[in-house]
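Reviewing the structure listed below.
The values are calculated or read from the model by the stated rules, or taken from the named source; none is laboratory data. None of the values given here were measured: they were computed from a predicted structure. Reconstructed Cβ throughout: ideal geometry from the backbone, glycine too, with neighbour counts over all protein chains shown.
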């Protein structure tokens, strides 16, 4: 085994750390060691290489940290896989002393016992003595700890799901030592788990063999909702998460481009295979609180909360859409691979992203589980870029300008004076292509929603009659281009009067003539939408509307649609 390859491993397991108190509790009595180290890096006091060496020490030898980084606040990483892969690509940046320190932790661990899973897919390595023992409870008295048997059971079930049911390639196994099992090591580490790439496979694409490190007891880890208990819940989701990484590495080992999609997909698979656990709920705020960030953001916890994207895709297009995307990842970066998977359905990322933004608004108190996410009531509410107490505006600009595949939510109150056809014009930066979603909200939350995409370098014009029927209008400008940042836009809104058939923003005899020409002489439809000519709001445009307009203009009759 190439020690330099393995040495790229674990110490990355911490740059994307989180603390229990930071995510799962409202109070933060003190910063964790990881946070203290990261603060010194951000402040320019240490280099990125020094930060990572210190984080390795925090993960494996926290008692050896210098006093300034010591902390009683417990830290744990969701998955070390991302950081392991990043380290592999930056190994040359470390000096010889740093490499020597990191490398001592990165060999395959030595364990005193092993167990082959019932289905024969996995060998689980563990200790029953020493400093990293697993819990020794053995209810069936077969001399294999229940903890180990559960890891084997959940791993077998994930293998069966991914490979036998969903049709993924199996993981690449290093068989040089005669081993035909996929190896899992139960270790004491400051993470749920980590999937370690080892050697290149023999395929024509960039596949890699790997093994998994998984925590040896999950004591004091964050709580979850598994009815069998927090430890069992943590075991389930870690098996689903890390083995999906092993599957992904059978397709492509590309840290630069794949990491966000790897983590989003693995976190989603926790939900898909073990929906009772809901450990991944903890990460949703990092996605919903910053919708302006690009979907493919890989910094921090956003990528874990982005499991909502594959969840959306699977809810709409079925579970095989993810496998198809990984098939395409052998030759494409993830967003292009997702386009490839959607193409047979007549879709691509840009076409479905505006609808995705609607689903993300319709959560919590706005949830409609029968129409959007089935568990949406349990999700946080998306962050609103701005609230406006009136409906009509000349120019609304973003507070936080969206990135490519990011969006804003603008909440407009429908005031009591509003009566007519609502018009929105979105003019976005000509560097990007734009989408627009509009959600009309009443007592039922997400009552009505629509989305559209603009041609390149053209504004989007949107109209909705009967706006007075709603309490709020949520305007959602989105960037459907993939690779840009901080894109500006301007939104203009107005309310057009009913009966203004010729769209001159005045109701007069010209509108009656326009309706007569349309109804009897084959003239053009009322503008900007046909409802503009429906002066009595009966759902039709005909002579009755012309009569209503003449009565209003010349005889003081009822205003158009005043009786609805």
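Reported count of residues in segment 96-135, each being at pLDDT below 95, in a loop (DSSP other than H, G, I, E, B) and under 27 Å from residue 254 (Cα atoms), is 6. Restricted to segment 281-302, and to residues there that are under 11 Å from the mean Cα position of the chain (by Cα) and part of a helix (DSSP H, G or I), the residue that is nearest to residue 409 (Cα to Cα) is 288. The numbered conditions (1) in contact with a helix residue (DSSP H, G or I) (Cβ under 9 Å, 6 or more places away or on another chain); (2) more than 30 Å from residue 282 (Cα to Cα); (3) outside the structural domain of residue 216 (by TED's automatic domain parsing) are all true for residue 85 except (2).
Where in segment 1-76 are the helices (runs of 4 or more DSSP H), entirely inside, with at least 3 residues that are at pLDDT below 85 and in contact with a strand residue (DSSP E or B) (Cβ under 7 Å, 6 or more places away or on another chain)? Show your work before the answer.
Working: elements: 3-7, 20-24, 33-42, 48-60.
Of the helices (runs of 4 or more DSSP H) lying wholly inside segment 1-76, those with at least 3 residues that are at pLDDT below 85 and in contact with a strand residue (DSSP E or B) (Cβ under 7 Å, 6 or more places away or on another chain) span 33-42.
Considering each of 204, 209, 188 in turn, give the residue that is free of Cβ contacts under 8 Å to residues at least 60 places away in the same chain, surrounded by 22 or more Cβ atoms within 10 Å (Cβ to Cβ), on the phi < 0 side of the Ramachandran plot and assigned by TED's automatic domain parsing to the domain that holds residue 320.
On the way: 204 fails: surrounded by 22 or more Cβ atoms within 10 Å (Cβ to Cβ); 188 fails: surrounded by 22 or more Cβ atoms within 10 Å (Cβ to Cβ).
Of the residues listed, the single one that is free of Cβ contacts under 8 Å to residues at least 60 places away in the same chain, surrounded by 22 or more Cβ atoms within 10 Å (Cβ to Cβ), on the phi < 0 side of the Ramachandran plot and assigned by TED's automatic domain parsing to the domain that holds residue 320 is 209.
Select from segment 486-495 the residues that are outside any strand (DSSP E or B) and either exposed (fewer than 15 other Cβ atoms within 10 Å of the Cβ) or in contact with a helix residue (DSSP H, G or I) (Cβ under 8 Å, 6 or more places away or on another chain) (or both) and list them in ascending order. Once the filter is applied, which keeps residues that are outside any strand (DSSP E or B) and either exposed (fewer than 15 other Cβ atoms within 10 Å of the Cβ) or in contact with a helix residue (DSSP H, G or I) (Cβ under 8 Å, 6 or more places away or on another chain) (or both), segment 486-495 yields 486, 488. Within segment 393-425, the set of residues being free of Cβ contacts under 8 Å to residues at least 40 places away in the same chain and closer than 22 Å to residue 290 by Cα comprises just one member, 399.
Filter segment 496-530 down to the residues that are under 43 Å from the mean Cα position of the chain (by Cα) and either assigned to a loop (DSSP other than H, G, I, E, B) or buried (at least 19 other Cβ atoms within 10 Å of the Cβ) (or both) and list them by number. Residues satisfying the conditions are 496, 497, 498, 503, 505, 525, 526, 527, 528, 529.
Only residues that are within 35 Å of the chain's Cα centre (by Cα) and surrounded by fewer than 23 Cβ atoms within 10 Å (Cβ to Cβ): list them for segment 57-70, please. Full working, then the answer.
Going through segment 57-70, the residues within 35 Å of the chain's Cα centre (by Cα) turn out to be 57-62, 65, 69-70.
Listed by number, the residues that qualify are 57, 60, 61, 62, 65, 69, 70.
From the list 313, 322, the lone residue that is buried (at least 20 other Cβ atoms within 10 Å of the Cβ), in contact (Cβ under 8 Å) with a residue 40 or more places away in the chain, under 16 Å from the mean Cα position of the chain (by Cα) and not assigned by TED's automatic domain parsing to the domain that holds residue 449 is 322.
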